[in-house]
Amino acid sequence: MSSRGAFVQTSWAATRERGTFVMMRLMAFGLAVLSRPLATPVVHAATLYFFLFGTGARAASRDYLRRVARAFPDSGVSPSLACSYRHFVAFTHAILDKLDAWAGRLDGSRVHYECEDTLMQMGGGRQGLLVIGSHLGNLEVCRAIAWRARHVRLTVLVHTRHAVRFARLLARVGASEVELVQVTELDAAMAMTLRERIARGEWVVIAGDRVPVHGGRTVQVQFLGSPAPLPVGPYVLAALLDCPVYLLFCLRREGVNHVYFERFAERLSWKRAARDAVIAASAQRYADRLAHHVRLAPLQWFNFYPFWP
């Protein structure tokens with residue numbers, strides 16, 4: 001990726017992040033003083049405001065929908081304003097579900113596990129895992145997943161500048177088994193800390209489809225028919241942790257979160273000369289699985305900034 005492309009992408013990511021935090025604060029307040037049915041109209045009003053005045057996010061949404069329509073003509077989406085607004089509304093429901101998940105209010109009737117046997121098997125052992133998620137659907141439902149998998153503790157790696165404020169917000173709504181760790185650089189001390197947590201049977205969660213706000217190394221993959229950058233961090237981390245790697249996707253259909261928990265690799269390792277090739281192949285495999293799930297729920301990929309350079 002060029003330096004200009006990295007600057008544009010990370011600048012847009014930071015802008016979206018500020019908007020997301022404002023929306024989450026508003027929604028947390030609404031859910032604290034109102035029931036979800038009463039809070040929903042307020043939340044939709046906030047969504048309409050961001051749709052009308054967030055011209056950059058709206059343009060990014062329409063660009064993404066254009067690519068989905070071209071890659072999957074049977075998806076039923078288009079780059080129209082109406083479809084883009086539906087994209088924003090889907091984001092609204094995802095944030096409401098995020099807050100419910102962190103607060104422990106996402107009960108079993110609203111979560112369906114497409115991977116029950118795998119999940120219980122991995123949760124029953126003492127082996128820690130690296131879980132690579134995405135901004136497709138609701139990654140925060142992993143808290144409910146951890147509870148289902150016999151009270152596994154989670155360490156969620158985030159690149160956000162607002163990590164501390166997000167953590168305080170989550171504490172206010174009742175999050176407990178999840179620790180947010182801000183990672184701007186994976187140094188030796190952080191790697192050692194994460195290895196210790198894996199050894200205790202904890203799960204480390206990282207998103208595979210977001211370039212860090214402060215920039216970072218990327219690898220080019222084909223995603224929805226065009227070259228796109230993905231971070232190399234998840235695969236470097238997998239090699240450092242030397243543990244099983246799983247993918248996590250959670251898609252919302254008719255008010256129910258459907259969880260997909262897939263084995264990605266028993267271990268990731270390489271010889272020095274093959275490092276770049278293994279990372280590139282791993283990132284492309286991830287992009288292919290992400291595209292597969294995008295096809296199932298095209299309005300639920302929430303990267304509202306120019307993802308394609």
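The values are calculated or read from the model by the stated rules, or taken from the named source; none is laboratory data. These figures come from a predicted structure and were not determined experimentally. For neighbour counting, all protein chains shown are included, and Cβ atoms are generated from backbone atoms with ideal geometry for every residue, glycine included.
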Could you tell me whether residue 89 is modelled with pLDDT of 70 or more and outside any helix (DSSP H, G or I)?
-> no
Near pairs, Cβ below 8 angstrom, 6+ apart or cross-chain, from the range 125-146 (on the phi > 0 side of the Ramachandran plot and modelled with pLDDT under 90) to any residue that is among the small types (Gly, Ala, Ser) and assigned to a loop (DSSP other than H, G, I, E, B) | 137/297
Residue in the range 251-272 that is β-branched (Val, Ile, Thr), in contact (Cβ under 8 Å) with a residue 24 or more places away in the chain, touching a strand residue (DSSP E or B) at 6+ places or on another chain (Cβ under 7 Å) and in a strand (DSSP E or B) present = yes
Scan the range 64-85 for residues that are in a helix (DSSP H, G or I), touching a residue at least 60 places away in the same chain (Cβ under 8 Å), crowded, with 16+ Cβ neighbours inside 10 Å and not small (Gly, Ala, Ser) and report the count.
-> 5
For the range 277-305, how many residues are in contact with a helix residue (DSSP H, G or I) (Cβ under 6 Å, 6 or more places away or on another chain) and farther than 23 Å from residue 138 by Cβ?
-> 2
Matching residues, the range 257-284, being of a type outside the set (A, V, I, L, M, F, W, C), within 13 Å of residue 132 (Cβ to Cβ) and modelled with pLDDT under 95 = 260, 262, 263
Members of the range 205-262 found to be polar (S, T, N, Q) and buried (at least 19 other Cβ atoms within 10 Å of the Cβ), listed by number | 218, 257
Which pairs do you get when a residue that is in contact (Cβ under 8 Å) with a residue 12 or more places away in the chain, found in the range 216-236, comes within reach of a residue that is in a helix (DSSP H, G or I) and among the aromatic types (Phe, Trp, Tyr), reach meaning Cβ atoms under 9 angstrom, with the pair 6+ apart or on two chains?
-> 219/235; 221/286; 224/64; 230/286; 234/286; 235/286
